[in-house]
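The values are calculated or read from the model by the stated rules, or taken from the named source; none is laboratory data. Model, not experiment: these values are computed from the prediction. Please note: Cβ atoms are built from the backbone with ideal geometry, for glycine as well, and neighbour counts cover all protein chains shown. SASA here: full protein model, heavy atoms, side chains in, ligands and nucleic acids out. Shrake-Rupley method; radii C 1.70, N 1.55, O 1.52, S 1.80 Å.
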Protein chains: 2
Amino acid sequence: MMTVNRQVIMASRPVGEPKPSDFAVVEKPVPQPGPGQVLVKTLWLSLDPYMRGRMSAAKSYARSLEPGDVIVGGTVGEVVASQNGSFRPGDIVLGYAGWQAYGLSDGSDLRKIDVSSIPMQRYLGVLGMPGMTAYTGLLNIGQPKAGETVVVAAATGAVGAVVGQIAKIRGARAVGIAGGAEKCRFLLEELGFDAAVDHRDPDMPARLKEACPNGIDVYFENVGGAVWNAVFPLLNDFSRIPLCGLIAHYNDTEAPPGPDRLPGFMRQALTKRITLRGFIVSDFSADAPAFERDMSQWLREGRIRYREDIVEGLENAPEAFIGLLRGRNFGKLLVKVA
Amino acid sequence: MMTVNRQVIMASRPVGEPKPSDFAVVEKPVPQPGPGQVLVKTLWLSLDPYMRGRMSAAKSYARSLEPGDVIVGGTVGEVVASQNGSFRPGDIVLGYAGWQAYGLSDGSDLRKIDVSSIPMQRYLGVLGMPGMTAYTGLLNIGQPKAGETVVVAAATGAVGAVVGQIAKIRGARAVGIAGGAEKCRFLLEELGFDAAVDHRDPDMPARLKEACPNGIDVYFENVGGAVWNAVFPLLNDFSRIPLCGLIAHYNDTEAPPGPDRLPGFMRQALTKRITLRGFIVSDFSADAPAFERDMSQWLREGRIRYREDIVEGLENAPEAFIGLLRGRNFGKLLVKVA
């Protein structure tokens, strides 16, 4: 067995956009499991926008990382040593080892996964946290009805792609926003969206309006920024906004300059009777069985498709993560660690 | 029968705060009912903040008034002539004659009310639109639980007073915000609120924080402005914001100067998993029977108390309405027309 554990730590707290120097790769001895513990070798690491929030000192729904901490993250790994009766070497498990080659766990955050017919890394994407974020937020808060228009940004990403395809399954019109012609083509040709809008187009607001001739009934908000500005005037009466991310603002260091749009938003929310609700996937953990049942079936039937963007090697995680915040990934971003 | 119908019309569209010259009292012949029509003599006119919205040209959930139009409003009146089989002279009806001494109706917007044991003007307040706004918004969106903290501004007003008292009935802690020591005393001593905060106090945000040691679970938003700024940092995870009014902004002529607080609000909504939902009372019209049953019972039991602020004479409606937008009223504002 290897005796060296490679880790990516937060070397310094990022101010604004993270820089490569905010990360450091360090080597530590591989820990040995004590009583009740499990040692897991990381095979796949998921990179997700929420990690930027963990690197911030701002109060949020989870503890902030401190400089020197291993960066958090969902992982799929193989049990290599166990002093826990529930796990034995060779088990493939979903867990939260973070950005490191080996992780120790008491087993409470590990879940054995069935990889007989499903590539294991799917449990970090369409069958995992991003897929369930899309499923629970869209169905519980967005509640799209047949014939309604659902708009989602970062639409080729791990969450957005699933939002649009579930909207289609529910009979709604799916409009995706993505960066660049290639991603837009993918939305239309591979994922079956009804319309795709390139957010790099200087006339993006006009293009979005053309793509939504009946306005917007559900805006699945995961980006904020310029997309939100374009969506806002198109929202219909009684529209719903599940809010699970604001990637355009994660690097903000202060409130943007005025005018102050908050009173105008509140007035629109009142006159249009809009529902806005922030959520994270764990708020709907009771939906996990329904999600797994539905998503497995949709995957088998080919009704949900997906794309993975795979980076090789833990040492390349920082650059890939910085690229994720810039929208450079194309599909669910994963690091193949071993 | 009188032959002169006094009306208050919108003489000019207000820019910012309405001025007396934006209103005019005019005299017209009293109309005579045609087939199917009912002539109603206005006894009571309700003055409510939403009327400022109708005077604006901005798109909203209802048609804007045009200069020359009689200002809209809920009324209680007496049928004085009828060519409609459902109504006869002497009937007391709830209707929407607006700011005028006589109104003609086809009967579809009239409802006979039982005034044998209830003063008729209650149907414009605690038993009418304002009371039902409080009831439906608080229970459907706010969903206060025992032990939670509910905050409402304009708390001695027609809606706010009912919000706080229903919160108490549901076992929640009611914190009211109002302008001046007399109104605050009324909240505590007459309406049974747990705490009252004077929004004129320069340290209002600190006073509100003291009044909400466990944070805020439900903020019933009907004012916006400085109160919202003070509430915002105190909102708890999973807090709910029924939004039915923004009186502090009704006279705004443009977006306030920056910084732009909207991204910060969205981030808080995400990390705290906040639900914000705009509504108007008609969105919950299915709840009318439950409202009437519960509110009648609470009034009989003395669990809901109320205060009316009565102005005599239609010609005094404009000044009273301007005062309402400044928070000068103390209780449900009504005009005794005849």
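Brief remarks on what is shown
- Residues that are hydrophobic (A, V, I, L, M, F, W, C), facing chain A (nearest Cβ under 9 Å) and surrounded by fewer than 22 Cβ atoms within 10 Å (Cβ to Cβ), drawn from region B:229-245: B:PHE238
- When B:GLY125, B:GLY176 are checked against the criterion of being within 22 Å of B:SER296 (Cβ to Cβ) and under 20 Å from the mean Cα position of the chain (by Cα), a single residue qualifies: B:GLY125.
- Qualifying position, being under 27 Å from the mean Cα position of the chain (by Cα), open to solvent by 20 Å² or more (accessible area, probe 1.4 Å), of a type in the set (Gly, Ala, Ser) and within 7 Å of chain B (Cβ to nearest Cβ), among A:ALA269, A:ALA255, A:ALA248: A:ALA255
- Failed item in (1) facing chain B (nearest Cβ under 7 Å); (2) within 22 Å of B:ILE141 (Cα to Cα); (3) open to solvent by 50 Å² or more (accessible area, probe 1.4 Å), with A:ARG261 passing the rest: (2)
- Test: residue in region B:329-337 that is crowded, with 19+ Cβ neighbours inside 10 Å, under 30 Å from A:ASP252 (Cα atoms) and modelled with pLDDT of 95 or more: no
- Screening the candidates A:LEU191, A:LEU208 for the property of being part of a helix (DSSP H, G or I), under 30 Å from A:LEU299 (Cβ atoms), at pLDDT 90 or above and more than 9 Å from chain B (Cβ to nearest Cβ) yields one hit, A:LEU208.
- Flag for A:PRO89 being surrounded by 22 or more Cβ atoms within 10 Å (Cβ to Cβ), at pLDDT 95 or above and part of a loop (DSSP other than H, G, I, E, B): no
- Within region B:134-160, the set of residues being part of a helix (DSSP H, G or I), open to solvent by less than 10 Å² (accessible area, probe 1.4 Å) and closer than 24 Å to B:GLU308 by Cα comprises B:ALA134, B:THR136, B:GLY137, B:LEU138, B:GLY160.
- Selection from region A:32-50 of residues that are charged (D, E, K, R) and part of a strand (DSSP E or B): A:LYS41
- Matching residues, region B:192-217, being basic (Lys, Arg) and more than 20 Å from B:ASN236 (Cβ to Cβ): B:ARG200
- Residues of region A:209-226 satisfying the condition of being touching a Cys at 6+ places or on another chain (Cβ under 8 Å) and either open to solvent by 10 Å² or more (accessible area, probe 1.4 Å) or free of Cβ contacts under 8 Å to residues at least 12 places away in the same chain (or both): A:ASN222
- Options A:SER86, A:SER82, A:SER60: the member that is farther than 25 Å from A:ASN316 by Cβ and within 18 Å of the chain's Cα centre (by Cα): A:SER60
- Scanning region A:232-252 for residues that are part of a loop (DSSP other than H, G, I, E, B) and of a type outside the set (A, V, I, L, M, F, W, C) turns up A:GLY245, A:TYR250, A:ASN251, A:ASP252.
- Any chance A:GLY98 is open to solvent by 70 Å² or more (accessible area, probe 1.4 Å), of a type in the set (Gly, Ala, Ser) and not in a strand (DSSP E or B): no
- Taken across region B:42-57, residues that are within 14 Å of chain A (Cβ to nearest Cβ), more than 30 Å from B:GLY302 (Cα to Cα) and touching a Phe, Trp or Tyr at 6+ places or on another chain (Cβ under 7 Å) do occur, with at least one present.
- Qualifying residues in region B:272-296 (those that are of a type outside the set (Val, Ile, Thr) and within 7 Å of another protein chain (Cβ to nearest Cβ)) - the one surrounded by the fewest Cβ atoms within 10 Å (Cβ to Cβ): B:LYS272
- Residues in region A:1-31 that are farther than 29 Å from A:PRO119 by Cβ, in a strand (DSSP E or B) and open to solvent by less than 20 Å² (accessible area, probe 1.4 Å): 1 in all.
- Taken over region B:192-210, the criterion of being among the small types (Gly, Ala, Ser) and in contact with a helix residue (DSSP H, G or I) (Cβ under 7 Å, 6 or more places away or on another chain) is satisfied by B:GLY192, B:ALA195, B:ALA196.
- Residue list for region B:62-80, restricted to those being touching a Lys or Arg at 6+ places or on another chain (Cβ under 7 Å) and surrounded by 15 or more Cβ atoms within 10 Å (Cβ to Cβ): B:SER64, B:LEU65, B:VAL72, B:GLY77, B:GLU78, B:VAL79, B:VAL80
- Taken together, the residues in region A:32-49 that are farther than 19 Å from A:VAL76 by Cβ and surrounded by fewer than 22 Cβ atoms within 10 Å (Cβ to Cβ) amount to 4.
- Sole residue being within 14 Å of another protein chain (Cβ to nearest Cβ) and within 30 Å of B:MET10 (Cα to Cα), chosen from B:GLU221, B:GLU308, B:GLU312: B:GLU221
- Residue pairs whose Cβ atoms lie under 7 Å apart, sitting 6 or more positions apart in sequence or on different chains, and linking a residue in region A:7-20 that is over 14 Å from A:MET51 (Cα atoms) to a partner that is open to solvent by less than 20 Å² (accessible area, probe 1.4 Å) and not aromatic (Phe, Trp, Tyr), are A:ALA11/A:ASP22; A:SER12/A:ASP22; A:PRO20/A:PRO318.
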